[in-house]
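Undergrad: Mind looking over this structure? Questions follow.
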Amino acid sequence: MSSKKQAGTNPFEDDVAASPFGDEFTFEGLNQDPIRNNNLDIHESLESLSLSDNHNNDTHSFEATPQINTDVARTGTFDDIQLENDISEQNNNDTQMKRMRMGTQRKPDGNPLVGRAKTLKWAERNFINPIEEFVKGDEEDDEDRNHADQLRTIYYNMPLPDDMLDAEGKPIAEYATNKIRTTKYTPLTFLPKNILFQFTNFANIYFLVLNILGAFQIFGVTNPGLSAVPLVVIVIITAIKDGMEDSRRTVLDLEVNNTNTHILNGVQNDNVSADNVSLWRKFKKANSRLLFRFIQYCKSRFTEEGKRKRAMRKRNQLRAQRVAQTSGNAPRGSLDSIGSYRYSADLGRASLDYTNEIDSTNAASVMDRTLPPRTDCKFEKGFWKNISVGDIIRIHNNDEIPADVILLSTSDADGACYVETKNLDGETNLKVRQALKCSQTIKSSRDVARSKFWIESEGPHANLYSYQGNVKWVDSKDGDLKNEPASINNMLLRGCTLRNTKWAMGIVVFTGSETKIMLNAGVTPTKKSRISRELNFSVLMNFLLLFIICFISGIINGVYYDKHPRSRDFFEFGTAAGNAATNGFVSFWVSVILFQSLVPISLYISIEIIKTAQAAFIYGDVLLYNAKLDYPCTPKSWNISDDLGQIEYIFSDKTGTLTQNVMEFKKCTINGVTYGRAYTEALAGLRKRQGIDVEEEGRIERNGISKDKDIMIDELSRLSNNSQFYPDEITFVSKEFVQDLKGQSGEEQQKCCEHFMLALALCHSVLVEPSKKDPNKLEIKAQSPDEAALVSAARDVGFSFVGKTKKGLIIEIQGIQKEFEILNMLEFNSTRNRMSCIVKIPAADVGEEPKALLITKGADSIIYSRLSVEKGANDEKLLERTALHLEQYATEGLRTLCIAQREISWSDYEKWNARYNVAASAVTDREKKLDAVSEEMERELILLGGTAIEDRLQDGVPDSIAILAEAGIKLWVLTGDKVETAINIGFSCNLLNNEMELLVIKSGGEDVQDLGSEPEEVVDNLISKYLHEKFGLRGTEMELADSKNDHDQPSGNFAVVIDGDALKVSLSDEVVRRKFLLLCKNCRAVLCCRVSPAQKAAVVKLVKNTLDVMTLAIGDGSNDVAMIQSADVGVGIAGEEGRQAVMCSDYAIGQFRYLTRLILVHGRWSYKRLAEMIPAFFYKNVIFTMALFWYGIYNNYDGSYLFEYTYLMFYNLAFTALPVIFLGILDQDVSDTVSLVVPQLYRVGILRLEWNQRKFLWYMFDGLYQSLISFFFPYCVYKRTMIVTKNGLGLDHRYYVGIMVASIAVISCNLYVLLHQYRWDWFSTLFIGISCISLFFWSGVWSSSLKSHELFRAAARIYGSPSFWGVFFIGVMFCLLPRFTLDCYKDFFYPKDVTIIREMWARGDYDQYPEGYDPTDPNRPKISQRGKFSNGITMDRFFTGSNASHESIMTEEIPMRVMNNEHTGNPTGIKIGDETEDKNPQAKQSRQWKRNASSPKETQDLLFSPTIEQNNANDSENPFADYRTSLDQTRQEMLDSNALDNRYSVDRARISLDLPGVTNANSLIDARKSNQFNR
């Protein structure tokens, strides 16, 4: 092999998509050919793959998986092995191949040659982390997810080298199994792990210690076993709850692990050891088998279905035995299938298993044709969990990929296949993956059995868009060592689905927890709510109080130990303590046990019960149920429901979260004429800001659209026999277009319409396949949903793409199929922002040359800059009309594209095609050369028209965002999509509006050259400039500290737009990060575009940790998992785009709009309930415990009990438990409807007004006061006279006094809870009454038993005494009166917002809203009746910067002459009805638009539509009228002729800097003029 080296060449530079965290990253790298050297001599290709010219004697053609931009001199190499059939001489040196495994060289016995520390240091120096974190402090998490430096070598059909084997001959490398587990527990680890987790709670440890102390008699606990019951019950109930919470994940894991796939059997896989199973795993497997057998046994014997199946198996066995005994060798009956052999299944399909007859004599292949064919190798069905690294698997069409595999071959001739990545990134568009060139000839199991190769691969990491590896083999023809690099475009990732490909074959590289989808999922985090975290401080305060009173008790008891005379001298026979100090010490611990309820153990179990009930309510809410998906709102984490009531920032993905990822063709402009009618969310939002009743206008428009659609369908069905015409799927509604297709507007316009739709049907890269439901229907499968929408629109009007041939496409034109020869296809990429196809036009006459027609579609600014400037080529007026139409479409929220063409002579085409072929076969810089050649062709274009596509939002998204904003919640959009797409969605969902100024942050460009030369300098100066000019800030730490206390909505009308490159710089430095955060906090909206999953998580952590606010992240794909897990609350969208985010989320919902109800209703309720329940729980324990403390004054704190022991036990279990629990479960301040109609009520959670330590201390003080009343009022009764009954028996026993004290404390406590409960329903009131009665009931029952000993007959005596009832009622009144008086005073003179709203609700101001009213439901009833409180209410007591609708709506002055018809007085912009038009022709002529209301917006700066000017009678005399530009004149002409929709006027949104792809009519015309100037 030649030893020449080509220095500096990196085999990954052109083949692997750059890291999503790098500066040159693009998400889509479709159709990239990973092999640059397929046309070169193999020696030259190996030379080009070399990385260094210093290794002259290197036996490798390629060093081991180098990292981009890494110093070559420090790049690691793999250890060499000597191949058995390696007959090549390499510079006459018989050196062995050096191979490195896992970054550590090892001895034959498996021990490393160097220490682990040295190896790690070496790896740190030599490898670049492919996943960069932008916020410091996450290194540990990165290490868990990034092991790219742990290189691995996988051998197929080859023995492992000795250095990869241990002393027993088993492989040293240990790879993860393909069996996944997303659960927290297993059946074996559940009990110890859960108990250990529970006892990480300090309170549980505290009570465990007290129970242990209570077991010693010295501490005087009456019944130690009974005292341990509460702790045992709490641990058991919590464990049951955790087990139920985790069981769902267990079921999902079992389903995934036991999914079927096809694994090649017959070739030994030496990479893993089949019998290398630890004893622990064997034990677990044995237990699992026994468990499943037991379950199966129970099912077969105790369930009806099991009994039926068991009986059927027995019948089959008996029949098989009878046939075997009686028939012998007789032929098998047609119904006796037992023991039959299914040839179709086991031998495989003919298309899959056949001898490869492809001539590959000139191609390098991993197949060794010198080996004899093997018939014992075949693909057999197996489970996903049985797949190992190094296995060959075959995936069939529509099957999910079970592991990360390198693609070897496919059913396609060129080795390509299509995958759907919705489980990874939430996108339904197809992506192309390419098989390795060296293995494309493998077509069957016998072919792969004759192959020998090995793979040098990087280690597993979480980057979805990067992979680096090499496939090496020894050529069987010449014995040379050959190499082919493998990139991410050669990989099929676990979780993807194979589409439009019969089969694909690959070798497994990563399995189970090491696959990219699992690395992105990470370990399921255990989250704790904010109240639970802050509760620890309250518990510590109680511990402090407990220590103080116990310390006082110990001191006093110790002091009185030495005082004489004393009672123990006469009644006790010594003490356990020998002196005062020891007695005080013992007394301290006795007091700890006596006063232990001050830190309530039942608080934690009560909170668990309440949160479980809240989760059940959320799950059972029918208004959160998605009928289409049959999916309710599913809580995955039951213990953070109160966090939902404190959310201030929501971070949302775009695709699949805000949008449906469904594109619909809505409008087009052809030859200067606009077609299409729609009423989009962006248009509705625009009209709403003008004060228009959009519900009524939308209803009228939708009715009109429905009528037009019926007319259009009827005319299309009569126009032609379109085999692919499906009326239900039509999205392009324009009866005028169908009429023009028939020639109503003349032959020229008819031909233009036909040619335009034909261009859409030809210029694309989509595929079609028969529908499973209807074989006659062809389903369109596209790499982009935009392309699918364009081709579908052409199909609907009679230009159907029905298939491909070897030379071109088959188009069915009005029922007649025609074939068009496609000469070249210039693919779309993000750099060119366009795609083209070249169609051959046959010669008109024999002997003439044919022609070539270039059809190009792309971004409007790109196409306009490439239009021909030759005179007569393009009509200037047509260009202006088209630009204005595109501007209007974009204003209405539609994605715009332009279609153009160019005729080329055959000779020019042949010359260009020669240059194109040279560029296509280039080894280096192929993409750049192809782009340059394509640029030569895509010029001098003739404009055909433009299209407008709606990126469909999910139902109710704009309304949801508006309601959340009124609630004080800020929404940031973090998306991997491009800037212009994200901005258009921002306008569509009303996150952005035309009054906003967009502050663009970018790292480079001509307009920021004066801000610096380096990206870091540009971004820093740009952010500082915005802060100073717009907000008067400098970005200091003091300003950031002040901003933490500001929770109002930003007052300015600004929005930040930043891309991934600039965001990387913004997060890299602490100072810039602080400035960036301050800027974003002062803006109403933030859009982060082109961001990676790690960047999403970094932004969430930045806001959460720096501002100390509650955050929520919502997404639908695995690229959102990091963001979801980083936020306080993670919500997954269980849509049609995959469920990966759902598996790792805390809550799963069917649509984005359900988030509004989840937060504003359930979240607010949960927060308010817990915020009231927790301090009430402390309060009721303080009453009871401090009463014991006051009693200690009179017994020297010797630890004696005032209450009989059962009262101590039942106080928290029966007497006072249910009222507080039902307060936390059922209380409602307002109904769910009012919560949504008045979202401002939510802001108390953002400001944390309901739960804070001040409130906790007030409740503690209240409890302290009531404990004084409860104890000293009965004491005062006893002090003077002592109480006696009618029969002369005294009531002076301490337990009798305890009954009085307990009665006052229990009733006061329960009534106190009732007074603080907003909702007095019969259910909760009933249980409060039962709790109060239970005290008297238990006293009567227990004191009637002889087992009560000293308490015998106490109830009859106490309750029969009038003095008891006197002190009881007076005591309860004095307990409750101060707090009741204070609450009434506040409600009258300082009412809260919720108090006012409750009064309005009570008097019927919200009666017009039906029960269950949801303002985000698109099918909600129209609310026309105004409430009694018609003037509204301003809730600015706590919220000075409210975002009320009257502040956000800016009504524009629109001339009445424009809005109203001069003759009828009716609004001209709204179609009243067909009857009006028929009766009044003038009204029909004065319609201001031709049923072409638009749809959602996609290009931000196309928001320019001029303000309507009043045309007075003297306008023609205006001397400045002649100075208007040609575009202005065209606009005015179109307005006058109703060619533009003039129902509204919109000022252009202000943009601080230029944005790519964001244009308006002026910029389009300017782009063409600049092109003309450059020419």
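The values are calculated or read from the model by the stated rules, or taken from the named source; none is laboratory data. Every value quoted in this text rests on a predicted model; they were computed, and no experiment measured them. Cβ sites come from the backbone with ideal geometry, for glycine too, and all protein chains shown count toward neighbours. Accessible surface is based on the protein model in full, side chains and every heavy atom, while ligands, DNA and RNA are left aside. Shrake-Rupley method; radii C 1.70, N 1.55, O 1.52, S 1.80 Å.
Undergrad: Looking at the structure I just gave you, is Ile863 in a strand (DSSP E or B) and not acidic (Asp, Glu)?
TA: No.
Undergrad: Same structure, new question: Is one or more of the residues making up the range 1230-1237 in contact with a Lys or Arg (Cβ under 9 Å, 6 or more places away or on another chain), open to solvent by less than 10 Å² (accessible area, probe 1.4 Å) and not in a helix (DSSP H, G or I)?
TA: Scanning the range 1230-1237, I find at least one residue that is in contact with a Lys or Arg (Cβ under 9 Å, 6 or more places away or on another chain), open to solvent by less than 10 Å² (accessible area, probe 1.4 Å) and not in a helix (DSSP H, G or I), so the answer is yes.
Undergrad: From the list Thr674, Thr659, which residue is among the β-branched types (Val, Ile, Thr) and open to solvent by less than 10 Å² (accessible area, probe 1.4 Å)?
TA: Just a single option satisfies the conditions, and that option is Thr659.
Undergrad: Related question: Does Asp740 fit the bill of being out of contact with any helix residue (DSSP H, G or I) (no Cβ under 7 Å at 6 or more places or on another chain) and modelled with pLDDT of 85 or more?
TA: No; evaluated as a whole, the condition is false for this residue.
Undergrad: When the residues of the range 859-873 are filtered to those that are touching a helix residue (DSSP H, G or I) at 6+ places or on another chain (Cβ under 6 Å) and within 15 Å of Gly946 (Cα to Cα), which remaining residue is surrounded by the fewest Cβ atoms within 10 Å (Cβ to Cβ)?
TA: Once the filter is applied, the top-ranked residue is Ser865.
Undergrad: Still on this model: Pick from the range 874-905 the residues that are surrounded by fewer than 16 Cβ atoms within 10 Å (Cβ to Cβ) and at pLDDT 90 or above: which of them is nearest to the chain's Cα centre (by Cα)?
TA: The selected residue is Glu903.
Undergrad: Answer yes or no as to whether Val766 is at pLDDT below 90, surrounded by 15 or more Cβ atoms within 10 Å (Cβ to Cβ) and touching a Lys or Arg at 6+ places or on another chain (Cβ under 7 Å).
TA: yes
Undergrad: Let me ask you something else. In the range 912-929, which residue that is closer than 15 Å to Arg939 by Cβ and not hydrophobic (A, V, I, L, M, F, W, C) is surrounded by the fewest Cβ atoms within 10 Å (Cβ to Cβ)?
TA: Result: Arg915.
Undergrad: Name every residue in the range 1146-1185 that is aliphatic (A, V, I, L, M) and open to solvent by 10 Å² or more (accessible area, probe 1.4 Å), in order of residue number.
TA: Hits for the range 1146-1185: nothing passes.
Undergrad: Identify all residues within the range 751-777 that are assigned to a loop (DSSP other than H, G, I, E, B) and either of a type in the set (Asp, Glu) or more than 19 Å from Arg834 (Cα to Cα) (or both); write none if there are none.
TA: Scanning the range 751-777 gives Ser771, Lys772, Lys773, Asp774, Pro775, Asn776, Lys777.
Undergrad: Oh, and also: Please go through (1) modelled with pLDDT of 80 or more; (2) closer than 12 Å to Ile601 by Cα; (3) open to solvent by 30 Å² or more (accessible area, probe 1.4 Å) for Phe202 and return the number of the only condition it doesn't satisfy.
TA: (1)
Undergrad: Would you please list the contacts, defined by Cβ atoms under 6 Å and residues six or more apart or on different chains, that run from a residue in the range 288-312 that is more than 20 Å from Asn257 (Cα to Cα) to a residue that is among the basic types (Lys, Arg) and at pLDDT below 80?
TA: Short answer, once both residue conditions are applied: Gly306/Lys299.
Undergrad: Shifting gears a bit: What single numbered condition from (1) among the hydrophobic types (A, V, I, L, M, F, W, C); (2) assigned to a loop (DSSP other than H, G, I, E, B); (3) open to solvent by less than 10 Å² (accessible area, probe 1.4 Å) fails to hold for Leu1249?
TA: (3)
Undergrad: OK, next. Of all residues in the range 509-534 being crowded, with 22+ Cβ neighbours inside 10 Å, over 24 Å from Asp1116 (Cβ atoms) and hydroxyl-bearing (Ser, Thr, Tyr), which is modelled with the lowest pLDDT?
TA: Ser529
Yes/no per residue for (1) open to solvent by 30 Å² or more (accessible area, probe 1.4 Å); (2) under 15 Å from Phe1203 (Cα atoms):
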residue: Trp1258; (1), (2): yes, no
residue: Gly1263; (1), (2): no, no
residue: Phe1271; (1), (2): no, yes
residue: Ser1303; (1), (2): no, yes
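Undergrad: Tally up the residues in the range 295-304 that are part of a helix (DSSP H, G or I) and open to solvent by less than 100 Å² (accessible area, probe 1.4 Å), please.
TA: Summing the residues that are part of a helix (DSSP H, G or I) and open to solvent by less than 100 Å² (accessible area, probe 1.4 Å) in the range 295-304 gives 4.
Undergrad: A further question on this structure: Restricting the search to the range 364-390, which residues are acidic (Asp, Glu) and closer than 17 Å to Asn157 by Cβ?
TA: Across the range 364-390, the qualifying residues are Asp368, Asp376.
Undergrad: Right, here's the next one. Could you list all residues from the range 960-997 that are of a type outside the set (Val, Ile, Thr) and at pLDDT 90 or above?
TA: Ser960, Ala962, Leu964, Ala965, Glu966, Ala967, Gly968, Lys970, Leu971, Trp972, Leu974
Per-residue answers, yes or no, for (1) crowded, with 17+ Cβ neighbours inside 10 Å; (2) modelled with pLDDT of 90 or more:
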position	(1), (2)
Arg374	no, no
Lys378	yes, no
Val389	yes, yes
Ile395	yes, yes
Ile401	yes, yes
Val405	yes, yes
Asp412	yes, no
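Undergrad: Right, here's the next one. Looking at this structure, is Leu430 modelled with pLDDT of 90 or more and either in contact with a Gly (Cβ under 7 Å, 6 or more places away or on another chain) or more than 19 Å from Val508 (Cα to Cα) (or both)?
TA: So Leu430 fails the test.
Undergrad: If a residue counts only when it is within 24 Å of the chain's Cα centre (by Cα), which strands (runs of 3 or more DSSP E) contained entirely in the range 380-423 have at least 2 such residues?
TA: 416-420
Undergrad: Confirm whether Tyr1201 is closer than 17 Å to Ser597 by Cα and open to solvent by less than 10 Å² (accessible area, probe 1.4 Å).
TA: So Tyr1201 does not fit the description; no.
Undergrad: Filtering the range 1332-1372 down to residues that are in contact (Cβ under 8 Å) with a residue 24 or more places away in the chain and not in a helix (DSSP H, G or I), which residue is most open to solvent (accessible area, probe 1.4 Å)?
TA: So, considering only residues that are in contact (Cβ under 8 Å) with a residue 24 or more places away in the chain and not in a helix (DSSP H, G or I), the one most open to solvent (accessible area, probe 1.4 Å) is Gly1360.
Undergrad: When the residues of the range 778-799 are narrowed to those that are assigned to a strand (DSSP E or B) and touching a helix residue (DSSP H, G or I) at 6+ places or on another chain (Cβ under 7 Å), which ends up most open to solvent (accessible area, probe 1.4 Å)?
TA: The extreme case among them is Ile780.
Undergrad: Restricting the first residue to the range 365-377 and requiring it to be in contact (Cβ under 8 Å) with a residue 12 or more places away in the chain, which pairs with a second residue that is open to solvent by 50 Å² or more (accessible area, probe 1.4 Å) meet a Cβ separation below 6 Å and a spacing of at least six or different chains?
TA: From residues that are in contact (Cβ under 8 Å) with a residue 12 or more places away in the chain, the pairs are Asp368/Lys452; Pro373/Arg446.
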